Amino acid sequence: MAKEHTSLKKLVYNSVSSSIIKGEYKPGDIINEQNLMTRFNVSKSPVREALAVLCKEKYLRALPRLGYQVVSLTSRDINEISQFRILIECGVLNAYKDHINDAFILGLKDSLDVPYHGENLSDSVWAANIGFHLKLISICENFLITETLKDMLRSQRLAYSQFYCNNPPKNQNRDSLERHKKIVSALEKGDLNLACEFLREDILYFPSK
C-alpha cells in the first residue's frame with residue numbers, strides 16, 4: 001500500500017511539474033486539489049503531498065482556501081538568482097582551491113559526458129547543466145550549500161521556461177556544453193581566476209527581459 005501511495009504521489013508530481021515547465025500551467029494559474037484528484041482518480045493524500053513538494057521546490061505557493069498558485073518569476077528574480085550563484089559557486093572554488101586535484105577534474109570531465117542534445121528546454125539539457133554545476137561545488141562536501149544551489153537551479157529552470165518557452169535562444173544546449181568545457185579546461189591548467197571568469201559568464205548567460 002505504501003509503495004502504491006508513493007507511486008501515485010510521483011505520478012501527480014511528475015505530471016504537474018512537467019505541465020508547469022511546458023507552460024501548460026501559466027504563471028499565476030491556480031491548481032486545485034479536487035481537479036487533480038478527479039483527473040488522476042486518486043485520493044487527496046498523494047495529491048496534497050505532491051503539491052507540498054512542488055511548494056518546497058518553489059514551483060507553487062499555497063493559497064489558503066484557494067489552492068496552489070504557479071510561481072511567476074521576474075527579471076529581478078533572475079538577476080538575484082544569478083548573483084547568488086556567482087557568490088556561491090565561485091566562492092566554493094576559491095575556498096577549496098587546494099582540493100582541486102586530478103580526481104576532481106576527472107569527475108568534472110565525466111559530468112560533461114552526458115546528453116547535451118534535444119530541444120533547448122528538454123529535461124536532458126537541463127539535467128546535464130544542473131549535474132555539472134552540482135559536481136562543481138561538490139568539492140566542498142557541504143549539504144546545505146548543495147541543497148540551496150539545487151533550489152536556485154530549479155528556480156532558474158522555471159524562469160527559463162516562463163521567459164523563453166515560445167522562443168528559446170538558439171543553440172543553448174551546444175553553447176552550454178562549450179562554456180562548461182572552458183571552465184574545466186581552465187581548472188585543469190590551474191588558472192582559477194580564468195575558471196571563475198568563465199563560470200560567471202556561464203551563470204550570467206541567462207538573459208532577462
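Count neighbours as other Cβ atoms within 10 Å of each site's Cβ, and list the GluC sites (Glu not before Pro) in the stretch 16-57 that are DSSP loop with at most 15 such neighbours.
E24
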Too long at a 24 Å Cα-Cα cut-off: which of K135/K189; K10/K135; K26/K58; K22/K135? K10/K135; K22/K135
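If you place +1 on the Cβ of every Lys and Arg and -1 on the Cβ of every Asp and Glu, how big does the dipole about the Cα centre of the chain come out, in debye to the nearest 20?
That gives the chain a dipole magnitude of about 780 debye.
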Could you pull the accessible area for I130 with a 1.4 Å probe, rounded to 10 Å²? 40
Result row for the chain, helices from DSSP H with C-alpha axial extent 20 Å or more and mean Kyte hydropathy at least -0.5, is 2-21, 75-95, 123-137, 143-164
Which residue, T74, T38, T148, tops the fluctuation ranking in a GNM of the chain built on C-alpha contacts under 10 Å? T38
Consider just the alpha-carbon atoms of the stretch 22-103 and return their Rg together with their Dmax, both in angstrom. 18.9, 56
Difference of contour (0.36 nm per residue) and Cα-Cα distance, K26 to D77: 16.6 nm
Inter-label distance, nm, simple model (7 Å from Cα along the C-beta direction), T6/N101: 3.6
Express the accessible area of the chain per residue in Å², computed with a 1.4 Å probe while the remaining protein chains stay in the model. 55
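So between R48 and T148, what do we pick up on full extension, going 0.36 nm a residue minus the alpha carbon distance?
That pair, R48 and T148, stretches by 33.6 nm at full extension.
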Relative counts (whole %) of C-alpha pair distances in the stretch 33-151, using bins that are 5 Å wide: 2, 9, 13, 16, 17, 14, 12, 8, 5, 3, 1, 0
Sorted by chain and then number, the residues having a modelled amide H within less than 5 Å of the amide H of D29, at least 5 places away or on another chain, are V70
Exposure rule at most 16 other beta-carbon atoms within 10 Å, DSSP loop chymotrypsin sites (Phe, Trp or Tyr not before Pro): the chain longest free segment: 97-204
Could you order S138, S161 so the one with the most accessible surface comes first? Probe is 1.4 Å. S138, S161
Based on the Cβ-Cβ distance of S124 and R65, what FRET efficiency does E = 1/(1 + (r/R0)^6) give at R0 = 30 Å, to the nearest 0.05? 0.15
Taking every C-alpha to C-alpha distance in the chain and binning by 10 Å from 0, the per-bin percentages run 8, 31, 32, 20, 8, 1
Using modelled amide H (1.01 Å from N, peptide plane; none on Pro or chain starts), what sits under 5 Å from the amide H of L60, excluding residues fewer than 5 places away? C55, V71
Counting only protein heavy atoms and using a 1.4 Å probe, what share of the accessible area of the chain belongs to carbon plus sulfur, as a whole percent? 52
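For E188 and D110 in the same chain, what is the full-extension length gain: residue separation times 0.36 nm, less their Cα-Cα distance, in nm?
Values: separation 78, 0.36 × 78 = 28.08 nm, distance 1.36 nm.
So the extension gain works out to 26.7 nm.
The values are calculated or read from the model by the stated rules, or taken from the named source; none is laboratory data. These numbers were taken from a predicted model, which means no experiment stands behind them. Quick reminder, even Gly has a Cβ in these numbers, built from the backbone with ideal geometry, and neighbours come from all protein chains shown. Surface areas here come from the heavy atoms of the whole protein model, side chains and all, with no ligands, DNA or RNA. Shrake-Rupley method; radii C 1.70, N 1.55, O 1.52, S 1.80 Å.
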